[in-house]
Amino acid sequence: QVRLVESGGGLVQTGGSLRLSCAASGSISGIQVMGWYRQAPGKQRELVAHITRDGSTNHADSVRGRFTISRDNAKTTLYLQMNSLKPEDTAAYYCHALTRPYNLNYWGQGTQVTVSS
(Lines give C-alpha, C1' and ligand atoms only; values in the text may rest on other atoms or scores of the structure.)
Protein backbone atom coordinates (compact mmCIF):
# COMPACT_ATOMS: atom_id res chain seq x y z
CA GLN A 1 0.00 0.00 0.00
CA VAL A 2 1.08 3.52 -0.79
CA ARG A 3 -0.43 6.62 0.81
CA LEU A 4 -0.26 9.94 -1.01
CA VAL A 5 -1.09 13.26 0.63
CA GLU A 6 -1.13 16.46 -1.41
CA SER A 7 -0.75 20.01 -0.16
CA GLY A 8 -0.07 23.46 -1.54
CA GLY A 9 -3.19 24.28 -3.52
CA GLY A 10 -5.00 27.56 -3.21
CA LEU A 11 -6.24 30.70 -4.92
CA VAL A 12 -3.85 32.73 -7.05
CA GLN A 13 -4.13 35.46 -9.64
CA THR A 14 -3.30 35.00 -13.30
CA GLY A 15 0.45 34.99 -13.75
CA GLY A 16 1.09 33.84 -10.21
CA SER A 17 2.87 30.74 -8.91
CA LEU A 18 2.11 27.83 -6.64
CA ARG A 19 4.05 24.76 -5.59
CA LEU A 20 2.20 21.53 -4.92
CA SER A 21 3.68 18.80 -2.76
CA CYS A 22 2.81 15.14 -2.46
CA ALA A 23 4.12 13.14 0.48
CA ALA A 24 4.34 9.40 -0.19
CA SER A 25 4.45 6.77 2.54
CA GLY A 26 4.07 3.03 2.86
CA SER A 27 5.54 0.65 0.28
CA ILE A 28 7.32 3.39 -1.66
CA SER A 29 10.13 1.09 -2.81
CA GLY A 30 7.77 -0.36 -5.41
CA ILE A 31 6.90 2.99 -6.99
CA GLN A 32 7.93 3.12 -10.66
CA VAL A 33 6.24 6.32 -11.80
CA MET A 34 4.78 9.28 -9.97
CA GLY A 35 2.79 12.04 -11.52
CA TRP A 36 0.33 14.87 -11.27
CA TYR A 37 -3.08 14.80 -12.87
CA ARG A 38 -5.79 17.43 -12.86
CA GLN A 39 -9.52 17.48 -13.35
CA ALA A 40 -11.61 20.55 -14.03
CA PRO A 41 -15.39 20.53 -13.51
CA GLY A 42 -17.13 18.70 -16.36
CA LYS A 43 -13.87 17.51 -17.85
CA GLN A 44 -11.91 14.29 -17.81
CA ARG A 45 -8.89 13.85 -15.60
CA GLU A 46 -5.73 14.60 -17.55
CA LEU A 47 -2.04 14.01 -17.07
CA VAL A 48 -0.06 17.12 -16.18
CA ALA A 49 3.40 15.64 -15.69
CA HIS A 50 5.13 12.49 -14.54
CA ILE A 51 8.54 11.36 -13.37
CA THR A 52 9.89 7.84 -13.63
CA ARG A 53 11.95 5.91 -11.15
CA ASP A 54 15.14 6.81 -13.02
CA GLY A 55 14.23 10.50 -13.04
CA SER A 56 12.94 10.94 -16.57
CA THR A 57 10.19 13.54 -16.78
CA ASN A 58 7.39 14.37 -19.16
CA HIS A 59 5.08 17.38 -19.17
CA ALA A 60 1.82 17.91 -21.02
CA ASP A 61 2.02 20.36 -23.90
CA SER A 62 -0.40 22.69 -22.13
CA VAL A 63 1.97 23.19 -19.19
CA ARG A 64 5.42 22.67 -20.70
CA GLY A 65 7.65 25.62 -19.96
CA ARG A 66 5.44 26.78 -17.09
CA PHE A 67 5.22 23.76 -14.77
CA THR A 68 8.05 21.59 -13.50
CA ILE A 69 7.77 18.23 -11.81
CA SER A 70 10.48 17.15 -9.38
CA ARG A 71 11.05 15.04 -6.30
CA ASP A 72 13.34 14.97 -3.31
CA ASN A 73 16.41 12.73 -3.18
CA ALA A 74 14.70 10.24 -0.88
CA LYS A 75 11.90 9.91 -3.46
CA THR A 76 9.31 10.39 -0.75
CA THR A 77 8.03 13.80 -1.80
CA LEU A 78 6.84 14.85 -5.22
CA TYR A 79 6.57 18.48 -6.26
CA LEU A 80 4.90 20.46 -8.99
CA GLN A 81 6.16 24.01 -9.42
CA MET A 82 3.54 25.98 -11.32
CA ASN A 83 4.48 29.36 -12.77
CA SER A 84 2.65 31.76 -15.07
CA LEU A 85 -0.66 30.30 -14.01
CA LYS A 86 -3.70 30.81 -16.22
CA PRO A 87 -7.43 30.58 -15.45
CA GLU A 88 -7.55 27.39 -17.53
CA ASP A 89 -5.20 25.77 -15.01
CA THR A 90 -8.01 25.86 -12.47
CA ALA A 91 -8.72 22.28 -11.40
CA ALA A 92 -8.37 19.72 -8.67
CA TYR A 93 -4.83 18.37 -8.82
CA TYR A 94 -4.15 14.75 -7.90
CA CYS A 95 -0.94 12.96 -7.06
CA HIS A 96 -0.58 9.51 -8.59
CA ALA A 97 1.78 6.57 -8.15
CA LEU A 98 2.18 3.40 -10.17
CA THR A 99 3.80 0.45 -8.43
CA ARG A 100 5.36 -2.79 -9.62
CA PRO A 101 5.14 -5.71 -9.94
CA TYR A 102 1.34 -5.66 -9.91
CA ASN A 103 0.72 -2.34 -11.72
CA LEU A 104 -1.25 -0.92 -8.83
CA ASN A 105 -2.40 2.68 -9.06
CA TYR A 106 -2.64 4.95 -6.03
CA TRP A 107 -4.18 8.41 -5.81
CA GLY A 108 -4.10 11.23 -3.35
CA GLN A 109 -7.22 13.02 -2.18
CA GLY A 110 -6.58 16.02 -4.43
CA THR A 111 -5.84 19.67 -3.83
CA GLN A 112 -7.74 22.53 -5.44
CA VAL A 113 -5.97 25.15 -7.54
CA THR A 114 -7.99 28.18 -8.55
CA VAL A 115 -6.56 30.86 -10.83
CA SER A 116 -8.53 34.10 -10.95
CA SER A 117 -8.51 36.34 -14.00
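Looking only at the stretch 90-110, which residues are of a type in the set (Ser, Thr, Tyr), open to solvent by 20 Å² or more (accessible area, probe 1.4 Å) and either in contact with a His (Cβ under 6 Å, 6 or more places away or on another chain) or part of a strand (DSSP E or B) (or both)?
TYR94, TYR106
For the stretch 75-89, give me each residue that is open to solvent by 60 Å² or more (accessible area, probe 1.4 Å) and touching a helix residue (DSSP H, G or I) at 6+ places or on another chain (Cβ under 9 Å).
Once the filter is applied, which keeps residues that are open to solvent by 60 Å² or more (accessible area, probe 1.4 Å) and touching a helix residue (DSSP H, G or I) at 6+ places or on another chain (Cβ under 9 Å), the stretch 75-89 yields only LYS75.
Here is a list: GLY35, GLY10. Which entry is modelled with pLDDT of 95 or more and at positive phi?
Numbers: GLY35 fails: at positive phi.
Just one listed residue meets the conditions, GLY10.
Please state which one of SER62, SER56, SER70 is hydroxyl-bearing (Ser, Thr, Tyr) and closer than 16 Å to SER7 by Cα.
On the way: SER62 fails: closer than 16 Å to SER7 by Cα; SER56 fails: closer than 16 Å to SER7 by Cα.
The unique qualifying residue is SER70.
Given the condition in a strand (DSSP E or B), in contact (Cβ under 8 Å) with a residue 60 or more places away in the chain and surrounded by 20 or more Cβ atoms within 10 Å (Cβ to Cβ), answer yes or no: does some residue in the stretch 59-74 qualify?
At the first step, the residues of the stretch 59-74 found to be in a strand (DSSP E or B) are 59, 64, 67-71.
Checking which are in contact (Cβ under 8 Å) with a residue 60 or more places away in the chain leaves us with none.
No.
Does GLY42 qualify as being out of contact with any helix residue (DSSP H, G or I) (no Cβ under 8 Å at 6 or more places or on another chain) and part of a loop (DSSP other than H, G, I, E, B)?
Details: out of contact with any helix residue (DSSP H, G or I) (no Cβ under 8 Å at 6 or more places or on another chain): yes; part of a loop (DSSP other than H, G, I, E, B): yes.
Answer is yes for this residue.
Looking at GLY35, GLY10, can you tell me which residue is under 15 Å from the mean Cα position of the chain (by Cα) and within 20 Å of LEU98 (Cα to Cα)? So that I can check it myself, show each step before the final result.
Working: GLY10 fails: within 20 Å of LEU98 (Cα to Cα).
Among GLY35, GLY10, only GLY35 is under 15 Å from the mean Cα position of the chain (by Cα) and within 20 Å of LEU98 (Cα to Cα).
Taking the stretch 20-46 as the region of interest, how many residues are touching a Gly at 6+ places or on another chain (Cβ under 9 Å) and either among the acidic types (Asp, Glu) or loosely packed, with under 15 Cβ neighbours inside 10 Å (or both)?
Selection size over the stretch 20-46: 1.
Hey, could you check the stretch 1-19 for residues that are among the hydrophobic types (A, V, I, L, M, F, W, C) and open to solvent by 50 Å² or more (accessible area, probe 1.4 Å) and say which is farthest from SER56 (Cα to Cα)? Break it down stepwise before answering.
So in the stretch 1-19, the residues among the hydrophobic types (A, V, I, L, M, F, W, C) come out as 2, 4-5, 11-12, 18.
Narrowing the set further to residues that are open to solvent by 50 Å² or more (accessible area, probe 1.4 Å) leaves 5, 11.
Working: VAL5: 22, LEU11: 30 Å.
So the residue we want is LEU11.
Given the options THR52, THR90, THR57, name the one that is closer than 26 Å to SER116 by Cβ and β-branched (Val, Ile, Thr). It would help to see each step written out before you state the result.
Values: THR52 fails: closer than 26 Å to SER116 by Cβ; THR57 fails: closer than 26 Å to SER116 by Cβ.
Selected residue: THR90, the only one of THR52, THR90, THR57 that is closer than 26 Å to SER116 by Cβ and β-branched (Val, Ile, Thr).
The values are calculated or read from the model by the stated rules, or taken from the named source; none is laboratory data. These numbers were taken from a predicted model, which means no experiment stands behind them. A quick note on method: Cβ atoms are made from the backbone with ideal geometry, for glycine too, and the neighbour counts reach across all protein chains shown. Note: accessible area is taken over every heavy atom of the protein model, side chains too, but ligands, DNA and RNA are not part of it. Shrake-Rupley method; radii C 1.70, N 1.55, O 1.52, S 1.80 Å.
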